[in-house]
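The values are calculated or read from the model by the stated rules, or taken from the named source; none is laboratory data. Note that the coordinates shown come from a computational prediction; the quantities given were computed from them, not determined experimentally. With ideal geometry, Cβ positions are generated from the backbone for all residues, glycine too; neighbour counts draw on all protein chains shown. The area values use the complete protein model at the heavy-atom level, side chains included, leaving out ligands, DNA and RNA. Shrake-Rupley method; radii C 1.70, N 1.55, O 1.52, S 1.80 Å.
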Amino acid sequence: MAPVEDPMERFHARLDEHRLGMSVALEEARHALSIGEVPVGACVMLDGEILSRACNLRETLRDPTAHAEIIALRRAAFSVGAWRLTGATMYVTLEPCAMCAGALVLARIDRVVFGTRDPKAGACGSVMDVPGNRSLNHRVEVIGPFMEEECRELLQEFFRSMRKESRTTYPEGPGPALGREPGGDGATVDGNVYV
């Protein structure tokens, strides 16, 4: 009979890789903050190598699906030339929502390491547990919260700033996304045009 692998032992064996992955995700979250997006960053790693990295671009692209996790998954799949990301780990600063958790399952990611819980929309245990749902054909190992304080502080900074700006700049509410006219021609991010 083979010995049962202890999940905590496996976690500690990969601690340096987890720190690297989350540090990259935090860099992406800081970039999101600098461009006025909700500061969520993600990174996909496979065998200790970074496959992709991304930040939230929902406001920039005017796309409700432009979450950091979705963009990072698309880039990782392109990088390996396949939609199956078996063996890969997603690092993300905020617990994935239902859409992103579902995408992790569909991409066959092995594990997700998240920074801080999302008590309103978290789908990796806070509100629901998509990755662990036994009705699905794949389950994703969930690790988190990890490096929680750094991840939470960025989000708190963003929302404090938004509340302050909303009270001083927009007494009647924020209105449309700043600097973007409805019906525009898209956005350019990292040299790529998104429509």
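Side notes on the structure shown:
- Test for Ala66: is it assigned to a loop (DSSP other than H, G, I, E, B), buried (at least 20 other Cβ atoms within 10 Å of the Cβ), of a type in the set (Gly, Ala, Ser) and touching a Phe, Trp or Tyr at 6+ places or on another chain (Cβ under 9 Å): yes
- The listed residues are Arg160, Arg152, and the only one of them that is touching a strand residue (DSSP E or B) at 6+ places or on another chain (Cβ under 6 Å), of a type in the set (Lys, Arg) and either closer than 30 Å to Gly87 by Cβ or modelled with pLDDT of 75 or more (or both) turns out to be Arg152.
- Residue list for the range 42-63, restricted to those being without any contact (Cβ under 8 Å) to a residue 40 or more places away in the chain and buried (at least 20 other Cβ atoms within 10 Å of the Cβ): Leu51, Ser52, Arg53, Ala54, Cys55, Asn56
- Filter pass, Arg30 being within 13 Å of the chain's Cα centre (by Cα) and either modelled with pLDDT of 95 or more or open to solvent by 50 Å² or more (accessible area, probe 1.4 Å) (or both): yes
- Filter pass, Leu94 being touching a residue at least 40 places away in the same chain (Cβ under 8 Å), touching a helix residue (DSSP H, G or I) at 6+ places or on another chain (Cβ under 7 Å), open to solvent by 10 Å² or more (accessible area, probe 1.4 Å) and of a type outside the set (D, E, K, R): yes
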